[in-house]
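Peer 1: The structure under discussion is supplied below as structure tokens; questions concerning it will follow.
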Amino acid sequence: MSRNLLEFKGISKNYSGNQVLHDVSFDIRPGEIHALIGENGAGKSTLMNILFGMPVIHTTGGYEGEIELNGEKVEAKSPFEAMALGIGMVHQEFMLIPGFTIAENIKLNREIEKNNVKNKITSTLFGRRMKTLDFKKMNKDARIALDKLDMSIEEFTLVKGLPIGYMQFVEIAREIDKTELKLLVLDEPTAVLTESEAESLLQAMRNISKRGIAIIFISHRLNEITAVADRVTILRDGEFVITKDVKDTNALEIAEYMVGRQVSIERTSTEAREISDEIKLSVKDLHVAMPNERVKGVSFDVRKGEIFGIGGLAGQGKLGIANGIMGMYEARGNITIDDESLPLNDTRKVLDSGLAFVSEDRKEVGLLVEKAIDYNIMFTAMNIKSEFLNVFKMTDKKKIRRNARKMIDMLDIRCTSERQHTGRLSGGNQQKVCVARALTQKPTILFVSEPTRGIDIGAKKLILDLLLELSRDKGMTIVMTSSELAELCSICDRIAVICEGQVAGILPPDASPTKFGLLMSGIKDLEGGKHD
Amino acid sequence: MTTNISGEKIRAFLLDNIVTIIFLGFVVFGFIVSDTFTPSSFTNDIISRFFRNGVLVLSLIIPIMAGLGLNFGIVVGALAGLLSIVFVRYHYALFPGIGGLLLCFAIATPIAILFGFLTGKLYNKTRGQEMVASLIVGFFAGGLYEIFLLFVVGGIIPVTRGHRMINPVAEGVRPVGIRSSFEMGLPAGEMTGRGFQNEIPGMARALNNLWRIEFIYALAVVSLAVFAFLVIRRIYMKKNPAVLSKLNEPLWSFCLKIAVCGAILAFAIFSSGQIYYWYNELQNHPYITRLDLLPGISNFVVEISRVDRVPVVTGMVIAAVGLFIVYFSKTKLGQDCRSVGQSQQIANVSGIDVDRTRIIATIISTVLAAWGMIIFLQDMGHVSTYTVHRNIGFFSVAAILVGGATAARASVKNAMVGLLLFHAMFIVSPAVGLFVFNDGNAGEYMRTFMVYGVIGVSLGLYVWKANKAIKDKERLDRPGVVSEAGD
């Protein structure tokens, strides 16, 4: 048994009475890739915040338990202290300054000072911070770190305007540039990457761990964990479940541990459902100017009562379709609903036509995070249909609450009350509020984008079942956009695969994964695929 | 396609420099329509205003770097300078001339550090609204200052009856308050109006008069320095790819700068030679007068000789402050300021003490403003005790904006260009008022309109550009994307 690099001993933490971590203990060995997995709200982020000494921990009363690094008790009071201990973290949101060069970002607050006579004089007179910086040396160091990651981009390029994948690598380069780095925390690093970028990231992770740096790899993607990790630790509801060697386990077992109950998102019935031939929604030559998700001429028809899936890799334009139709980004093309033309770039008219949208961007578009759940749920319906208003055109609080309670029961939204602010909810529950808002609009066509992004498997199943139910029982037409093929296959009647802003092909859900894979990479003309 | 792109570039250039261009147009227009200016009188005005306001405008750069925006709160620093001057003038007999002025700097500095610290604290508490806070703190501190000098001095702090700084009162009434205006005291060598020399040298122009040289010599030296800077930078840029990517100066732009600078240099050297020659003649032949020489001197040499001699030491102080700012931006603290300026959150997570960095930036700005105010007043020679500080913030901010700075980006170059253009506007606006409204007083209002207008337009443009940058990414038919979508 090798000596442990890091040991969590009985870590507990509560946020004002709400126990988010309870007696969590596990260890990290030097140079291993240790996956950390758990549903949303399982406490992964809190645990990492504790390790990294984030101010939010200390302003809310600290934590219980001990963290040992190389057998010594440590307690980082600030991120800077954690860094000094050799712990680096790549956050989900990039900590990069756009107006700085890559090298300046890599050396952020670890700039190299010139060590000449002039600097010695000024630093004795005016303090260390008046030393001038050695940009040449900083660029050189940055070059070395970038080379370790096989990045050929010039170190003096401004970060502003880099593709997202590159930014991720700059973040990692910053961490490995720290010579004393022993432990690197990667929080959902592949979430924003395309498949090929994710693959090269995994490769880079293997290289880093070979240099003796341990990695804590937080991810939802089981296949990535099984591909790259040595061990995996599972958290559930703030409690430690188990640590396993990856070679002794598999994705299914990890998922089981994670939710604590048998879960499958397999299709309940394999035979195709009967769907009328009536065309509800017809999209012709749609172009959408959504940054990073441009749509360049997409055409498809959706039949009444159908669940139509839109899949494809990140950045290929699948998210742009729903956003464009709903008027979130400038769009051009012909959309008809029940043979009536739908005006583009006018969200109000689109909503009036009976379309509802659950955005992939919960926090910015989907929710009013500083408002209560009940208000969120009725907000769109109130605005477009003047519902939930009393005779004086003031909000009818009773009606609003009744509706909110109904939705909370129906969707199993976990909250303290219907007056809780949505910003305080976990991702899955926020998503449920978004769905509830769309349902309150009583739409005929429902667009859902990434309905299960950042949501635990239990909630995922619930949301997918709900969509299925809406389509089956209420005859709602649903257009679902998702990055997860498995989830599209589980409920959709047909799935369009988007590649480079265009429809690569439309497949039935029981088509072989190879076919999907080929379409995603833009290969259309293999047996059965559409020719262009 | 190429014309399209260059058209786009020109549009972007115009938009980026719209404020500067409007001001340039205004000044040129004023110059054309007016017949009251001679080149020498115009140069005189602009030069004296440049040296008077230089440090004040420079004091705005570091807060902009640190993300605090336009620091209208330099008024607080100016008050520190004013207080020190009031103190030294009260004890004027003890501290004559330049010595008194140096004492002013010494007294103002710790006061400004304290004021800057408090202002910085306030900015940290009003995060996100620093500019509004800075405006209000200027007014607030001005009020306190007025109460202090009007009532506390004499009311609580005892003063000498009949002192020339104190409001005169009748016999038996307690003397209270500093006079609403006072003189800085004429320096050694300058004559009073009645032709007498001061018995105790005062502080007016004490710094300026330390060393003055002919304007045209100074122009030669400065243009030579700029010329050398441009060439060296170009060579350095060619050699170093990192610098190239940052600077990326196209060849035509370099040639244009070199040509303009070279022309000025040549003109300055040629005129310097002429001036030198004729001054020698005058000195060597004391029996001939300027009038005798006139036929031999070309008109423009006469014109040039009419320009006042420029204060070298004041110029050196401005240059030193400018160089300090450039140097500062290359230090660890400067880099921290830039990090904090771009993103407080990221800087904080990286372990930079954001609050402390912002306070230090505010302190530096406040201290520079205090020094700037002292330099301003020694140049003016006359102090309106209760009003002189009021417009300092607005005018300095307007000046740096005219030079092409924004609330998020400013350089020493912006400050220098802004100083010249803004004050050129000040000088020509009466002429423009006379021409347009047939009333010289209209120029007064025109000035006010231009000052607040430039601040409003700059802030508006700044926000508009930031929004446009976001919107541009979301345009359906971007140039270059059309063809991509077409295939």
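The values are calculated or read from the model by the stated rules, or taken from the named source; none is laboratory data. Nothing here was measured: the structure is a model prediction, and the numbers come from that model. Here Cβ is always computed from backbone atoms with ideal geometry, including for glycine, and neighbour counts include all displayed protein chains.
Peer 1: Please give the number of the condition B:M373 fails out of (1) in contact with a helix residue (DSSP H, G or I) (Cβ under 6 Å, 6 or more places away or on another chain); (2) surrounded by fewer than 23 Cβ atoms within 10 Å (Cβ to Cβ).
Peer 2: The number of the failed condition is (2).
Peer 1: Quick one: how many residues across region A:82-106 are charged (D, E, K, R) and within 8 Å of chain B (Cβ to nearest Cβ)?
Peer 2: 1
Peer 1: Within region A:492-532, which residues are at pLDDT 70 or above, of a type in the set (D, E, K, R) and part of a loop (DSSP other than H, G, I, E, B)?
Peer 2: A:D493, A:E500, A:D510
Peer 1: Moving on to the next point. Run down B:S329, B:S343 and say which single residue is surrounded by fewer than 24 Cβ atoms within 10 Å (Cβ to Cβ) and closer than 24 Å to A:E93 by Cα.
Peer 2: Being surrounded by fewer than 24 Cβ atoms within 10 Å (Cβ to Cβ) and closer than 24 Å to A:E93 by Cα holds for just one of B:S329, B:S343, which is B:S343.
Peer 1: How many residues does region A:205-241 contain that are surrounded by 20 or more Cβ atoms within 10 Å (Cβ to Cβ), outside any strand (DSSP E or B) and of a type in the set (G, A, S)?
Peer 2: Residues that pass the stated criteria total 4.
Peer 1: Let me ask something additional. Please name all residue pairs, on different chains or six or more residues apart, with Cβ atoms under 7 Å, provided the first residue is in region A:197-211 and is touching a residue at least 12 places away in the same chain (Cβ under 8 Å) and under 13 Å from A:D150 (Cβ atoms) and the second residue is assigned to a loop (DSSP other than H, G, I, E, B) and not acidic (D, E).
Peer 2: Filtered contacts from region A:197-211: A:L201/A:P189; A:L201/A:T190; A:L201/A:L193; A:A204/A:L149.
Peer 1: Here is a further query. Might you let me know whether region B:322-332 holds any residue that is within 14 Å of chain A (Cβ to nearest Cβ), modelled with pLDDT of 80 or more and part of a loop (DSSP other than H, G, I, E, B)?
Peer 2: Yes - at least one qualifying residue is present in region B:322-332.
Peer 1: Also: Got a sec? Which of B:G334, B:G381 is at positive phi and out of contact with any Gly (no Cβ under 7 Å at 6 or more places or on another chain)?
Peer 2: Exactly one of B:G334, B:G381 is at positive phi and out of contact with any Gly (no Cβ under 7 Å at 6 or more places or on another chain), namely B:G381.
Peer 1: Okay, moving on. Is there a residue in region A:260-278 that is in contact with a Ser or Thr (Cβ under 7 Å, 6 or more places away or on another chain), modelled with pLDDT of 75 or more, farther than 30 Å from A:V232 by Cα and not assigned by TED's automatic domain parsing to the domain that holds A:T233?
Peer 2: no
Peer 1: Still on this structure, please answer the following. In the list A:T124, A:T101, A:T132, which residue meets the criterion of being out of contact with any His (no Cβ under 7 Å at 6 or more places or on another chain) and surrounded by fewer than 19 Cβ atoms within 10 Å (Cβ to Cβ)?
Peer 2: Unique residue meeting the criteria: A:T124.
Peer 1: Examine region B:403-412 for a residue that is within 14 Å of another protein chain (Cβ to nearest Cβ) and either assigned to a helix (DSSP H, G or I) or charged (D, E, K, R) (or both), and state whether such a residue exists.
Peer 2: Looking through region B:403-412, at least one residue is within 14 Å of another protein chain (Cβ to nearest Cβ) and either assigned to a helix (DSSP H, G or I) or charged (D, E, K, R) (or both).
Peer 1: Only one of A:L313, A:L351 is assigned to a loop (DSSP other than H, G, I, E, B), more than 14 Å from chain B (Cβ to nearest Cβ), under 28 Å from the mean Cα position of the chain (by Cα) and at negative phi. Can you tell me which?
Peer 2: The conditions single out A:L313.
Peer 1: Still on this structure: Given (1) within 12 Å of another protein chain (Cβ to nearest Cβ); (2) closer than 30 Å to A:I11 by Cα; (3) of a type outside the set (G, A, S), identify the lone condition not met by A:N70.
Peer 2: Unmet condition: (1).
Peer 1: Can you tell me which residue in region B:155-172 is farthest from B:R89 (Cα to Cα), limited to those that are within 35 Å of the chain's Cα centre (by Cα) and surrounded by 14 or more Cβ atoms within 10 Å (Cβ to Cβ)?
Peer 2: Filtering first and then ranking leaves B:N167.
Peer 1: Anything in region A:168-196 that is in contact (Cβ under 8 Å) with a residue 24 or more places away in the chain, more than 26 Å from A:G71 (Cα to Cα) and assigned by TED's automatic domain parsing to the domain that holds A:E224? List them, or say none.
Peer 2: A:E188, A:P189, A:T190, A:A191, A:V192, A:L193, A:T194, A:E195
Peer 1: Out of all the residues in region A:468-486, is one or more assigned to a helix (DSSP H, G or I), within 22 Å of the chain's Cα centre (by Cα) and more than 30 Å from A:L507 (Cα to Cα)?
Peer 2: no
Peer 1: For region A:24-126, which fully contained helices (runs of 4 or more DSSP H) count at least 3 residues that are farther than 20 Å from A:L186 by Cα?
Peer 2: A:117-126
Peer 1: If a residue must be within 14 Å of chain B (Cβ to nearest Cβ) and surrounded by 16 or more Cβ atoms within 10 Å (Cβ to Cβ), how many such residues does region A:276-296 contain?
Peer 2: Total meeting the criteria: 9.
Peer 1: Only one of B:G315, B:G351 is in contact (Cβ under 8 Å) with a residue 40 or more places away in the chain and either under 30 Å from B:A268 (Cα atoms) or within 12 Å of chain A (Cβ to nearest Cβ) (or both). Can you tell me which?
Peer 2: B:G315
Peer 1: Identify all residues within region B:116-141 that are farther than 11 Å from B:G73 by Cβ, within 27 Å of the chain's Cα centre (by Cα) and in a helix (DSSP H, G or I); write none if there are none.
Peer 2: Those that are farther than 11 Å from B:G73 by Cβ, within 27 Å of the chain's Cα centre (by Cα) and in a helix (DSSP H, G or I): B:F117, B:K121, B:N124.
Peer 1: Restricting attention to region A:112-119, does a residue exist that is polar (S, T, N, Q), under 23 Å from A:F217 (Cα atoms), more than 8 Å from every other protein chain (Cβ to nearest Cβ) and surrounded by 15 or more Cβ atoms within 10 Å (Cβ to Cβ)?
Peer 2: no
Peer 1: Does A:N109 count as at the interface with chain B (Cβ under 8 Å from one of its Cβ atoms) and under 22 Å from A:I213 (Cβ atoms)?
Peer 2: The answer is yes for A:N109.
Peer 1: Could you list all residues from region A:111-167 that are β-branched (V, I, T) and either free of Cβ contacts under 8 Å to residues at least 12 places away in the same chain or closer than 21 Å to B:G334 by Cα (or both)?
Peer 2: Of everything in region A:111-167, those that are β-branched (V, I, T) and either free of Cβ contacts under 8 Å to residues at least 12 places away in the same chain or closer than 21 Å to B:G334 by Cα (or both) turn out to be A:I112, A:V117, A:I121, A:T122, A:T124, A:T132, A:T157, A:V159.
Peer 1: Moving to a separate point now. Quick one: A:L201 ticks every box in (1) outside the structural domain of A:G31 (by TED's automatic domain parsing); (2) part of a helix (DSSP H, G or I) except a single one, so which number is it?
Peer 2: Against the list (1) outside the structural domain of A:G31 (by TED's automatic domain parsing); (2) part of a helix (DSSP H, G or I), A:L201 comes up short only on (1).
Peer 1: Another question, then. From B:F50, B:F95, B:F37, grab the single residue that is touching a His at 6+ places or on another chain (Cβ under 9 Å) and on the phi < 0 side of the Ramachandran plot.
Peer 2: Exactly one residue qualifies, and that residue is B:F50.
Peer 1: While we're here: How many of the residues making up region B:232-249 are more than 19 Å from B:S411 (Cα to Cα) and not in a helix (DSSP H, G or I)?
Peer 2: Selection size over region B:232-249: 1.
Peer 1: Also, I was wondering about something else. Can you report the number of residues in region A:236-259 which are in contact with a Leu (Cβ under 7 Å, 6 or more places away or on another chain) and at pLDDT 85 or above?
Peer 2: The total comes to 1.
Peer 1: To continue, here is another question. If I filter region A:57-68 for residues that are in contact (Cβ under 8 Å) with a residue 60 or more places away in the chain and of a type in the set (D, E), do I get at least one hit?
Peer 2: Yes, region A:57-68 has at least one match.
Peer 1: While we're on this one: Any idea how many residues of region A:125-143 are more than 11 Å from chain B (Cβ to nearest Cβ) and at pLDDT 90 or above?
Peer 2: Residues that pass the stated criteria total 2.
Peer 1: Also, quick follow-up: Of (1) small (G, A, S); (2) in a loop (DSSP other than H, G, I, E, B); (3) within 10 Å of chain B (Cβ to nearest Cβ), A:S152 satisfies all except one. Which?
Peer 2: All conditions pass for A:S152, except number (3).
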